[in-house]
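Here is the structure we will look at, set down as structure tokens.
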Amino acid sequence: MTKATTEQGYLGNPNVKRDGVESSFSKHEVLEYKKCMSDPAYFARTYVKVISLDKGLVPFDLWPYQEEMFHHFNENRFNIVLACRQSGKSISSVVFLLWYACFHPEKTIAILANKGAVAREMLGRITLALENLPFFLQPGCKALNKGSIEFSNNSKIIAAATSGSSIRGLSINLLFLDEFAFIDNDAQFYTSTYPVVSSGKDTKIIIASTANGVGNIYHKLWEGATTNTNEFKPFRVDWWDVPGRDDKWKEETVANTSELQFDQEFGNNFHGRGNTLIEANDLLAQKAINPLRWSENLFQYEDPKDGHHYVMTVDVSKGRGQDYSTFNIIDTSVNPFKQVCIFRDNNISPLLFPDIIYKYAKMYNEAYVIVESNDQGAIVCNGLYYDLEYENMFVESQIKANAIGATMTKRVKRIGCSTFKDLIASKKLHIVDAETITEMCTFVARGASFEAVAPNHDDLVMNLVMFGWFTTTDIFAGLTNIDMKQLMYREQLKAIQDDMLPFGLIEDGRDRKEGVGDGEGNVWFEVDHL
């Protein structure tokens, strides 16, 4: 278990064995080498040292979940980890990478993180663990710097930030992506990076992260792994898996932060991002249900009911495989209003879309139709109103030409976003479609407005923004006998009054008058104590 001498060390570092050093092994060392090669958990528990916040450099005392994680990584080719904050997932991962490099010759390992400094810090942890390995376990070092380590067995570890060109052109045997849910342009990065690893038959990917909203690539990969619709194998680390974290620890943490913050940091819940239009708690309250029936692009959650009034809001795209043409049908005869049908297609032509709108508007009791008339929407408005002669439509002006439909101006969007948010928060609008809920979770602030986080879409949400705006109009009040502005005002006023502390007089049994003045003999008025 000897260390290298100064002459044997890499660039004078006696803790790192340099390339070309020959040494003999005792029988015990040969047996230990064999055990370490076959079992990464044994290697980590017996020979690896890590930095503890409280105790400094200490042996790596594996927690049960960490030992399971090592076996999970070793046995599976595609790995994805969902872990709560401060659970030790990063140190576990880098120790596995060190084991893989030491005992697998001619392998290239890439550590990519959302920031280059984070990736280099992880490489620094590997270097620290390497320096504290016994001499006989070290493969020898050809090169060691802040960005890479190259070993005598021709394996190497490189560290870089996640970008589309970070490892393009390299042959990677093991790719480790840290905090993948937090990187920018994740779709572009993953598209350019995946072929680098997937080209081999025994190459590995390890993706580790805490949750950061839905709709991003990490969330989609995790959902695919848990439903067995992709090749990734999921590994989950919850807060109670970490020794020392019990119900008392949770109570203390919640008391020092909040229930929502605890859920975001330790609950492994895919909340919406912090700057979403809809608050995280309201997003969590939305529960998708299975549709009664569906075709490729249309989902019906409830059949039309006699005597019910329905409102259909429509968003139109160019039908070129990019943004989606969508509509939402809302039942306004129930409390709360309920989403009963949606349509979503990014290939349908604006010339054909009016026929589909007409069919389902007629089906849902001649639903009142509001079409966003911007851009391609004008084509749909004219086709629906003039060609199909569907008259139960929103018209902006009776005297202005081409006034069929509603123009999505900044003012309309601002009012719509605000009202839609209030409708969800006050539980006056029930959303049941999974794709709509996903869009709500990725509809975030951009400057003074809101839009989807790329590469997600917001066409279904914009239907609901249009519905939110429409509920504030006199036309909606006339159709439904509901003055939404007054209703929301009364409820908000009541909430404010309920939050106010009660104020009154306290009777002490005495009947006297006291003067209230300025303390200099001048009495302003008298107060009767009854």
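The values are calculated or read from the model by the stated rules, or taken from the named source; none is laboratory data. As the structure is a prediction and not an experimental result, all values here were calculated from the model. Don't worry about glycine lacking a Cβ; one is built from the backbone with ideal geometry, like all the others, and counts go over all protein chains shown.
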field: Residues of the stretch 80-95 classified as out of contact with any strand residue (DSSP E or B) (no Cβ under 8 Å at 6 or more places or on another chain) and either crowded, with 23+ Cβ neighbours inside 10 Å or in a strand (DSSP E or B) (or both), total
entry: 1
- request: Can you confirm whether the stretch 344-355 contains a residue that is within 21 Å of ILE424 (Cβ to Cβ) and at pLDDT 95 or above?
  value: yes
Residue list for the stretch 100-147, restricted to those being within 30 Å of the chain's Cα centre (by Cα) and acidic (Asp, Glu): GLU121
- line: Of those in the stretch 283-306 that are of a type in the set (Phe, Trp, Tyr) and crowded, with 17+ Cβ neighbours inside 10 Å, the residue farthest from ILE356 (Cα to Cα) is TYR301
- line: Conditions (1) free of Cβ contacts under 8 Å to residues at least 24 places away in the same chain; (2) buried (at least 17 other Cβ atoms within 10 Å of the Cβ); (3) of a type in the set (D, E, K, R) -> GLU29 fails only (1)
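Yes/no per residue for (1) surrounded by 16 or more Cβ atoms within 10 Å (Cβ to Cβ); (2) closer than 25 Å to PHE136 by Cβ; (3) under 27 Å from the mean Cα position of the chain (by Cα):
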| site | (1), (2), (3) |
| --- | --- |
| GLY20 | no, yes, no |
| LYS35 | no, yes, no |
| PRO40 | yes, yes, no |
| ASP54 | no, no, no |
| PHE78 | yes, no, yes |
query: Among the strands (runs of 3 or more DSSP E) confined wholly to the stretch 154-246, which include 2 or more residues that are charged (D, E, K, R) and at pLDDT 85 or above?
result: 233-237
query: ILE149 is checked against (1) on the phi < 0 side of the Ramachandran plot; (2) surrounded by fewer than 19 Cβ atoms within 10 Å (Cβ to Cβ) and fails just one. What number does that condition carry?
result: (2)
- prompt: Condition test on LYS427, is it in contact with a strand residue (DSSP E or B) (Cβ under 8 Å, 6 or more places away or on another chain) and basic (Lys, Arg)?
  reply: no
- prompt: Looking at the stretch 88-119, which of its residues are of a type in the set (Gly, Ala, Ser) and in contact with a helix residue (DSSP H, G or I) (Cβ under 7 Å, 6 or more places away or on another chain)?
  reply: GLY88, SER90, SER92, ALA113
- prompt: For TYR65, are the conditions met, namely being touching a residue at least 40 places away in the same chain (Cβ under 8 Å) and over 23 Å from ILE207 (Cα atoms)?
  reply: no
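Results for (1) surrounded by 23 or more Cβ atoms within 10 Å (Cβ to Cβ); (2) under 12 Å from the mean Cα position of the chain (by Cα); (3) at negative phi, shown as yes or no for each residue.
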| site | (1), (2), (3) |
| --- | --- |
| GLN188 | no, no, yes |
| THR193 | yes, no, yes |
| THR203 | no, no, yes |
| ILE206 | yes, no, yes |
| ASN212 | no, yes, yes |
| ASN216 | yes, yes, yes |
| LYS220 | no, yes, yes |
| GLY224 | no, no, yes |
- prompt: So is PHE299 in a strand (DSSP E or B) and farther than 20 Å from PHE420 by Cα or not?
  reply: yes
field: Among the candidates GLU389, GLU451, GLU439, residue that is free of Cβ contacts under 8 Å to residues at least 60 places away in the same chain, under 18 Å from the mean Cα position of the chain (by Cα) and not assigned by TED's automatic domain parsing to the domain that holds VAL214
entry: GLU451
task: Taking only the stretch 179-212 into account, find how many residues are free of Cβ contacts under 8 Å to residues at least 60 places away in the same chain, hydroxyl-bearing (Ser, Thr, Tyr) and over 19 Å from THR108 (Cα atoms).
output: 1
- prompt: What number goes with the only condition from (1) surrounded by fewer than 19 Cβ atoms within 10 Å (Cβ to Cβ); (2) in contact (Cβ under 8 Å) with a residue 12 or more places away in the chain; (3) over 30 Å from SER199 (Cβ atoms) that VAL58 does not pass?
  reply: (2)
message: Criterion first (out of contact with any Cys (no Cβ under 8 Å at 6 or more places or on another chain) and closer than 18 Å to ASN74 by Cβ) does ALA101 satisfy it?
response: yes
- request: Evaluate the following for ASP323: is it among the charged types (D, E, K, R), crowded, with 24+ Cβ neighbours inside 10 Å and assigned by TED's automatic domain parsing to the domain that holds GLY405?
  value: no
- prompt: Which of (1) assigned to a helix (DSSP H, G or I); (2) among the polar types (S, T, N, Q); (3) closer than 24 Å to THR438 by Cβ does ASN382 not meet, given it meets every other one?
  reply: (3)
task: Could you grab me the full set of residues in the stretch 111-135 that are closer than 28 Å to SER24 by Cα and either hydrophobic (A, V, I, L, M, F, W, C) or free of Cβ contacts under 8 Å to residues at least 12 places away in the same chain (or both)?
output: ILE126, LEU128, ALA129, LEU130, LEU133, PHE135
query: Restricting to the stretch 306-332, what's the tally of residues that are under 13 Å from HIS430 (Cβ atoms) and in a loop (DSSP other than H, G, I, E, B)?
result: 1
statement: Condition set closer than 13 Å to ASN132 by Cβ and assigned to a strand (DSSP E or B), scope the stretch 1-24, selection modelled with the lowest pLDDT: answer is ASN13
- prompt: Which ones in the stretch 408-422 are in contact with a helix residue (DSSP H, G or I) (Cβ under 6 Å, 6 or more places away or on another chain) and either within 30 Å of ARG293 (Cβ to Cβ) or without any contact (Cβ under 8 Å) to a residue 40 or more places away in the chain (or both)?
  reply: GLY416, PHE420
task: Determine the pairs where a residue that is within 10 Å of SER152 (Cα to Cα), located within the stretch 98-110, has a partner that is aliphatic (A, V, I, L, M) with Cβ atoms under 9 Å apart, the partner being 6 or more residues away or on another chain.
output: CYS102/MET37; CYS102/LEU130; CYS102/LEU133; CYS102/LEU137
